[in-house]
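Engineer: Could you have a look at this structure, given as structure tokens, before my questions?
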């Protein structure tokens, strides 16, 4: 059965799939454009990059596609407000925000006619986001990559949040690696769509260094671990020498002065912007490779179109066909 479109504010994505916004130049217009062209929502990671660079990248994306383009900005960023206003000025379609909770963002969204999409990990924040005016809500669970707001699994927390969110689209995020799981979240759990990030890193269009992609492809289940982040939240990353030092209370790490001063509050254990950029540019020994929990299930690098074709064909093969869940995914 054909998947329904995803409507957020005045924007309609023919395919109910949002590409997660991965910052430090992992999700740039190079990735967001083909995602939007395929009918999903392409998202530029807007945190920890210069304002003018972000504006230029949004304009590049908007000039190249008639599809839906979003920007993801962490509330934890010191220049959160400037990044939001710059994105709106550049013509972005919607703002996605998490890693903290802003009440003021909804007023900005209302004043500028910009849909605000909140990333939450609890029923309380989901209820509050809907009350304050969120155009859609993303439920992000422990299986997600990067910063985490919960230690609970997606299939555990999503039903609780589904009960309290009744007026706006509710999107499932965290650990979804194929179309069968996409259909399961929509069919069995009542999601209006899904957000996927790690799968899109492993595409030809994602502009991270090849070493970054290979680190993901080689990762085993036991290689994906939790680390302490200066943001103040746990993060999910792939084990490497740097991560091992972090997991041993920072032994062997040299104290460094804060270079970027990008966070509102930073515990200065290490510079997260520096480490993420190192990995993005190919130093996967000393850098930080954020990854979803189920990266070990992904075994190939595809084009964005191939990812969409795969997800849609798998999902539509089982969606609302009296399916008994969970479906056994073909090898």
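Engineer: How many residues, within the stretch 204-218, are crowded, with 23+ Cβ neighbours inside 10 Å and touching a strand residue (DSSP E or B) at 6+ places or on another chain (Cβ under 8 Å)?
Structural biologist: The total comes to 2.
Engineer: Quick check: is even one residue across the stretch 131-145 in a helix (DSSP H, G or I) and assigned by TED's automatic domain parsing to the domain that holds residue 194?
Structural biologist: yes
Engineer: Go through the stretch 59-75 residue by residue and tally those that are in contact with a helix residue (DSSP H, G or I) (Cβ under 6 Å, 6 or more places away or on another chain) and modelled with pLDDT of 95 or more.
Structural biologist: 8
Engineer: Can you tell me which of 37, 110 is in contact (Cβ under 8 Å) with a residue 12 or more places away in the chain, over 26 Å from residue 176 (Cβ atoms) and over 14 Å from the mean Cα position of the chain (by Cα)?
Structural biologist: 110
Engineer: Pairs only if they're at least six apart or on different chains, beta carbon under 6 angstrom, first in the stretch 169-192 and at positive phi, second part of a helix (DSSP H, G or I) and surrounded by fewer than 21 Cβ atoms within 10 Å (Cβ to Cβ); list them, first residue then second.
Structural biologist: Correct list of pairs: 190/162.
Yes or no, residue by residue, for (1) within 17 Å of the chain's Cα centre (by Cα); (2) within 13 Å of residue 21 (Cα to Cα); (3) surrounded by 22 or more Cβ atoms within 10 Å (Cβ to Cβ); (4) without any contact (Cβ under 8 Å) to a residue 40 or more places away in the chain:
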site	(1), (2), (3), (4)
60	no, no, no, yes
63	no, no, no, yes
70	yes, yes, yes, no
77	yes, no, yes, no
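Engineer: Of all residues in the stretch 151-184, count the ones that are under 18 Å from the mean Cα position of the chain (by Cα), more than 30 Å from residue 61 (Cα to Cα) and not in a helix (DSSP H, G or I).
Structural biologist: Within the stretch 151-184, residues that are under 18 Å from the mean Cα position of the chain (by Cα), more than 30 Å from residue 61 (Cα to Cα) and not in a helix (DSSP H, G or I) number 3.
Engineer: Considering the stretch 279-305 alone, what residues qualify as being over 16 Å from residue 224 (Cβ atoms) and crowded, with 21+ Cβ neighbours inside 10 Å?
Structural biologist: The answer is 280, 304.
Engineer: Sticking with this structure for a sec: Evaluate the stretch 308-329: report whether one residue or more is at pLDDT 90 or above, under 24 Å from residue 48 (Cα atoms) and part of a helix (DSSP H, G or I).
Structural biologist: No; the residues of the stretch 308-329 include none that is at pLDDT 90 or above, under 24 Å from residue 48 (Cα atoms) and part of a helix (DSSP H, G or I).
Engineer: With assigned to a loop (DSSP other than H, G, I, E, B), touching a helix residue (DSSP H, G or I) at 6+ places or on another chain (Cβ under 7 Å) and modelled with pLDDT of 95 or more as the only criterion, which of 259, 284 stands out?
Structural biologist: Answer to the check: 284.
Engineer: What strands (runs of 3 or more DSSP E), lying completely within the stretch 185-244, carry at least 2 residues that are at pLDDT below 95 and more than 17 Å from the chain's Cα centre (by Cα)?
Structural biologist: Output list reads 224-228.
Engineer: I need the full set of residues from the stretch 128-149 which are surrounded by fewer than 24 Cβ atoms within 10 Å (Cβ to Cβ) and out of contact with any helix residue (DSSP H, G or I) (no Cβ under 9 Å at 6 or more places or on another chain), in order please.
Structural biologist: The answer is 128, 131, 147, 148.
The values are calculated or read from the model by the stated rules, or taken from the named source; none is laboratory data. Because the structure is predicted, anything quoted here is derived from the model rather than measured. Note: ideal-geometry Cβ built from the backbone for every residue, glycine included; neighbour counts use all protein chains shown.
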